[in-house]
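Derivation of every value follows stated rules applied to the coordinates shown; laboratory data play no part. Model, not experiment: these values are computed from the prediction. Cβ atoms come from the backbone with ideal geometry, glycine included; neighbour counts cover every protein chain shown.
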Amino acid sequence: MTSPVVLQAIGLTKRFRDGPREVCPFRDLNLSVSTGETLAIVGPSGVGKSTLLQLLGGLDRPTSGEVQFQGAAFSTMTDTQRTELRNDAIGFVYQFHHLLGEFSALDNVAMPLWIRRMPRSIARQQAQAILARVGLADRLEHRPAQLSGGERQRVAIARALVTKPAVVLADEPTGNLDREAAGRVFDLLMEGVRNQSSALVVVTHDPALAARCDRRYEMSRPD
Ligand SMILES: Nc1ncnc2c1ncn2[C@@H]1O[C@H](COP(=O)(O)OP(=O)(O)OP(=O)(O)O)[C@@H](O)[C@H]1O
Ligand SMILES: [Mg+2]
């Protein structure tokens with residue numbers, strides 16, 4: 001049985017115009033990811049991996065083509081619908097964690113649940129459970145500045161997973177970690193998405209990590 005497609009890019013083109021200069025990282029790109037599938041995006045620096053992830057998450061608009069989430073094009077949604085969809089169904093992990101510095105690890109992870117109006121005590125319980133799963137049960141009240149780089153990335157992964165999104169988009173989630181820490185953080189991400197059957201699209205420079213995904217999508221410069 002084939003799994004349903006969660007996210008699909010159809011004929012996706014992105015052009016940035018900066019005065020007379022124009023950068024077109026990709027043209028007519030087609031890509032899809034299905035429920036529970038893990039997909040690695042690989043390719044040299046500047047090829048458009050982060051740009052693609054932004055488009056897949058509905059954070060930016062393509063120049064042409066479209067991104068469909070479970071068959072519905074982002075371009076047909078209102079801003080509110082897009083924001084709600086992102087909060088409900090998409091988890092983001094950024095290269096530099098983007099955690100809120102004033103908040104504890106626990107509150108950073110509980111935040112997406114509060115935004116969904118989940119009662120505070122239940123949100124904190126769920127956040128605590130997922131932080132325990134990524135090995136941070138004894139770091140709940142630490143603020144990001146009091147955590148190591150690998151610990152911060154684990155908090156960011158817990159935050160992306162806590163809402164059990166249909167898809168997790170991760171941009172170099174292990175890019176600033178040493179090899180061993182990167183491997184461990186990547187394991188937690190893979191285990192997390194597999195446990196809850198989320199699809200994963202992960203950008204990585206590391207071929208060994210990319211090889212652990214079900215599929216790889218290689219980006220190269222258009223001529
Ligand atoms: N807002 C923008 N305005 C103009 N050009 C941009 C903008 N964002 C990205 N670009 C250009 O688009 C290209 C792709 O950038 P992107 O960040 O997607 O690359 P990347 O593959 O993620 O690279 P890296 O591996 O270094 O993170 C780059 O040449 C970049 O200069
Ligand atoms: Mg990038």
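Structure notes:
- Label-to-label distance, nm, for residues given as ASP60 and GLU102 (7 Å Cα→Cβ offset): 2.9
- Count Lys and Arg as plus one, Asp and Glu as minus one, and take only other residues whose Cβ is under 14 Å from that of GLU102; the net charge is then -1.
- DSSP-loop trypsin sites (Lys or Arg not before Pro) across the stretch 115-223, with at most 11 other Cβ within 10 angstrom: ARG117
- Theoretical FRET efficiency, 1/(1+(r/R0)^6), r = Cβ-Cβ of ARG27 and ALA208, R0 35 Å, to 0.05: 0.75
- Calculated FRET efficiency for the pair SER220/ALA132, C-beta based, R₀ 45 Å, to 0.05: 0.65
- If only the Cβ of Lys and Arg carry +1 and only the Cβ of Asp and Glu carry -1, the dipole of the chain around its Cα centre is close to 280 debye.
- FRET E, pair SER197, ARG116, Förster distance 25 Å, beta-carbon r, rounded to 0.05: 0.80
- Leading residue at positive end of dipole, the chain (Cβ point charges), from GLN128, VAL93, LEU188: GLN128
- DSSP loop GluC sites (Glu not before Pro) with at most 10 other Cβ within 10 Å excluded, longest remaining stretch of the chain: 1-101
- Per-residue Karplus couplings for the stretch 167-181, computed as 6.51 cos²θ - 1.76 cosθ + 1.60 with θ equal to phi - 60°, are listed in order as 9, 10, 10, 10, 9, 6, x, 10, x, 9, 10, 6, 3, 5, 5 Hz, Gly and Pro entered as x.
- Each residue of the stretch 205-213 was assigned a 3J(HN,Hα) from its phi angle through the Karplus expression (A = 6.51, B = -1.76, C = 1.60, θ = phi - 60°), giving 8, 9, x, 5, 6, 4, 5, 7, 8 Hz with x at Gly and Pro.
- Between GLY91 and VAL167, VAL168, LEU169, the built amide H atoms are under 5 Å apart, and every one of these is 5 or more places off in sequence or on another chain.
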